[in-house]
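Report on one structure; see the data block that follows.
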Ligand code: ATP
Ligand code: MG
């Protein structure tokens, strides 16, 4: 079964929506095989989003991601990586609300940076990101 790494970001956790999002995840056929609430340090957030280092939104992104607790989840389902990104919807919350009003980012996101959830974007990312948060779990 394919696995992907999901995050419930600080805006959604602050709003008290983490449990509701986890219920929706399971209603959509994913199994949550690991979960952990935690707070990222600046160093860890910068490492996690290393591919975006140097972009204009990077400091704002790191600030946001360290602004409060998150939930890290490992989700399993056939085709989990694409299925989870489809359930999240577009990265930009305003675009999400316009184009896919029932997706998680439309329902729970805040603005252009604070978009409620994260999902791995490829099998290589999923493997890296699952190890990043759950080093004791095998990636495949
Ligand atoms: P994620 O990696 O969080 O699942 P994504 O793959 O849809 O989201 P990325 O391009 O990887 O989007 O960007 C990572 C995160 O950086 C986004 O989820 C969002 O929080 C933030 N971000 C991306 N682009 C912008 C932007 N143009 N302005 C502000 N924040 C942005
Ligand atoms: Mg991404």
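We did not get these values from a lab; they are worked out from the coordinates using the rules stated. Note that this is a predicted model, so its numbers are computed, not measured.
The Cα trace of the chain gives Rg and Dmax of 13.9, 40 Å, the first to one decimal, the second as a whole number.
At 222 nm, what value in deg cm²/dmol follows for the chain if DSSP H runs of at least 4 each add -39500 (n - 2.57) and the sum is divided by all its residues, to the nearest 500? Numbers along the way, then the final one.
Working: 8 runs with 62 residues, N = 140.
Counting only the DSSP helices, I get -11500 deg cm²/dmol.
Which of 35, 55, 17 moves most in a GNM of the chain, Cα contacts under 10 Å? Maximum among the listed residues: 55. Considering only 75, 27, 107, the Gaussian network model of the chain with Cα springs below 10 Å gives its largest mean-square fluctuation to 27.
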